[in-house]
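The values are calculated or read from the model by the stated rules, or taken from the named source; none is laboratory data. Note that the structure is a prediction, hence the values are computed from the model and not measured. Reconstructed Cβ throughout: ideal geometry from the backbone, glycine too, with neighbour counts over all protein chains shown. What goes into the accessible areas is simple: the full protein's heavy atoms, side chains included, and nothing from ligands, DNA or RNA. Shrake-Rupley method; radii C 1.70, N 1.55, O 1.52, S 1.80 Å.
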Amino acid sequence: MVKEISFKKGEFWYGGATNDGYLFPLTDKDIYSIDLTYNDTYNQVNPLYVSSEGRYIWLENAGKISFDQGKITISADEIEIFEDGKTLKEAQLVAMERHFKPNGLYPAEISFKAPQICTWIYMMENQNEKGVLEYAKTYINSDGKPGVLIIDDTWQQAYGDWDFNEERFGNPKQMIDILHQWGFKVVLWLVPYVHTNTKAFQELKHKDVFIEENGRLLECTWWQGTGYALDFYKPKAREWFKDQIQHLKKEYGVDGFKLDGGDGQFYGKEYALSNEQNRLWSEAVDISKDKEAIVELRACYKNAGKNFMSRLADKAHIWGVNKVKCKNHHDDSYLQYGLSTLIPDMLTQSLTGYYYGCPDMVGGGLNSTFDNAKLDNELLIRSLQCSMALPMMQFSYALWNVKENRLDEHFKQVIDIREKLVDYIVELAKNASVTGEPIVRYMEYEYPKQGLENINDQFLLGNKYLVAPIIQKGQTSKTVCFPKETKWKDILTGIEYNEQKVSLAVDINTILIFEKII
């Protein structure tokens, strides 16, 4: 089925792929297309596009959509076009009610109330017991509030052998007990692949648990090599994976999981069920009734409205968007996404139903761009400030332990400000789990038809705070746009504003967050 519709006068479109958030909103001057039959974006996707004129497009079984200078072409098996609304908010809420209504659950409150710390950048591919405890201890000794601690890739014996690597972790149960005593909830990194040189593969290769195509196991090539992917349509695969989850919880006291991989692109374009496999693998953890769930998703399809922590894809330690060559593929290139994409991506993520958003690690989590000898301290500080008022906040680089350029002092300042916001953030999370209203909102969402449609470098936290992060290198001024007939107070300086647009001088210490008075 193919349908075509035209832009209305002055219409703006948002939604779809989180990773493309920095490209939105789309106007009748823009050209944009995406194939949603498989998710190759590294981040969350919901087949929903919403307009400032109260319309939405929903592709039930995925498909393709293109925006071409005022014309929208949709090709899919099932297409729903809603045209009865008047505003972005109205259309989003109708779409939510029909397609991804939340069930009243949201992630464990500790996920919001304390910063999350992840061991990835701190140790990269050398995760070990001593390093984990040292990392956590430096954080606590700097008056860090314990929350979720994520132990990242290489904690395991192998990809598929989900037990701790005995050479690196001498007593993982004792380590986790200590972390619990210090107040942390402990999360482990997992992927849905099994390498052939594992005990798991020898156990599973004859048990009908892997994806098969044309009578052969489907090989998936991902960033850690080639392996076979569990087929979550098959009961035995779901059962085996759930057994691994329960084993890790019972044997070591693990509290949650960081689900990585499973992206459609790793199954390949030819595999028609890649999106569904990605969705089923995340749902196999089964948190649908878990009020204390701590499960992080980076890439997923049609999992909106559920009580997952939705993390942005790994951000590079750069300011903008760079196109780079793949090291091992002569003719291939890919995009690295920096700080400037963080807010628009979070806005897209939230609008499409992934409410419980977590920006990537402060300063970036893409290890290929993270060289301690070449870190941009201004970028670290701006990334820290930018993450401050988002639903969740995650660290890996130990800013609290770095005195250069007063990074430790900036850390404490930002954490002190966030502490004043967390109760309201939890309130918004509860509200999202019932009403479907995003925690992080476009200006247009709350204040339609005021000329705010194109703003994606500032955001509303609920309807109480307006946040305007500084995301350009060397920036000395920031233009902040306020809604008409409202009054806002800078919560740090106490200065009040009732203009619709104001240009403010800024320096490295400036944090712009305003509370609504009227």
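A search for C-beta distances below 8 Å between a residue of the range 387-412 that is surrounded by fewer than 17 Cβ atoms within 10 Å (Cβ to Cβ) and any residue that is part of a loop (DSSP other than H, G, I, E, B) and aromatic (Phe, Trp, Tyr), counting only pairs 6+ apart in sequence or on different chains, returns nothing. Confirm whether Ile381 is β-branched (Val, Ile, Thr) and either under 30 Å from Lys430 (Cβ atoms) or not in a helix (DSSP H, G or I) (or both). Taking the combined requirement at face value, the residue does not satisfy it. Residues in the range 1-17 that are crowded, with 23+ Cβ neighbours inside 10 Å and out of contact with any Phe, Trp or Tyr (no Cβ under 7 Å at 6 or more places or on another chain): Ala17 only.
The residues in the range 243-276 that are touching an Asp or Glu at 6+ places or on another chain (Cβ under 7 Å) and either open to solvent by 60 Å² or more (accessible area, probe 1.4 Å) or of a type outside the set (D, E, K, R) (or both) can be counted, and the count is 5. Taking the criterion of being farther than 21 Å from Leu342 by Cα and of a type in the set (Ser, Thr, Tyr), the residues of the range 454-498 that qualify are Thr486, Thr493, Tyr497.
Would you list the strands (runs of 3 or more DSSP E) that sit entirely within the range 120-223 and hold 3 or more residues that are under 19 Å from Lys258 (Cβ atoms)?
Numbers: elements: 148-151, 156-158, 161-164, 185-190, 219-222.
Passing ranges, in order: 148-151, 156-158, 161-164, 185-190.
This table checks each residue for (1) surrounded by fewer than 22 Cβ atoms within 10 Å (Cβ to Cβ); (2) within 18 Å of Gly131 (Cβ to Cβ); (3) touching a residue at least 24 places away in the same chain (Cβ under 8 Å); (4) in contact with a Leu (Cβ under 7 Å, 6 or more places away or on another chain).
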residue: Lys173; (1), (2), (3), (4): yes, yes, yes, no
residue: Val186; (1), (2), (3), (4): no, yes, yes, yes
residue: Leu190; (1), (2), (3), (4): no, no, yes, yes
residue: His195; (1), (2), (3), (4): yes, no, yes, no
residue: Leu204; (1), (2), (3), (4): yes, no, yes, no
residue: Lys207; (1), (2), (3), (4): yes, no, yes, no
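Taken over the range 438-480, the residue count meeting the criterion of being touching a residue at least 40 places away in the same chain (Cβ under 8 Å), over 22 Å from Leu492 (Cβ atoms) and either touching a Phe, Trp or Tyr at 6+ places or on another chain (Cβ under 8 Å) or open to solvent by less than 10 Å² (accessible area, probe 1.4 Å) (or both) is 8. Criterion applied to Ala389, Ala316 was being farther than 24 Å from Pro438 by Cβ and in a loop (DSSP other than H, G, I, E, B), and the one residue passing it is Ala316. Just so you know, in the range 72-93 the residues that are surrounded by fewer than 18 Cβ atoms within 10 Å (Cβ to Cβ) and in contact with a strand residue (DSSP E or B) (Cβ under 6 Å, 6 or more places away or on another chain) include one that is farthest from Asp40 (Cα to Cα), and it is Phe82.
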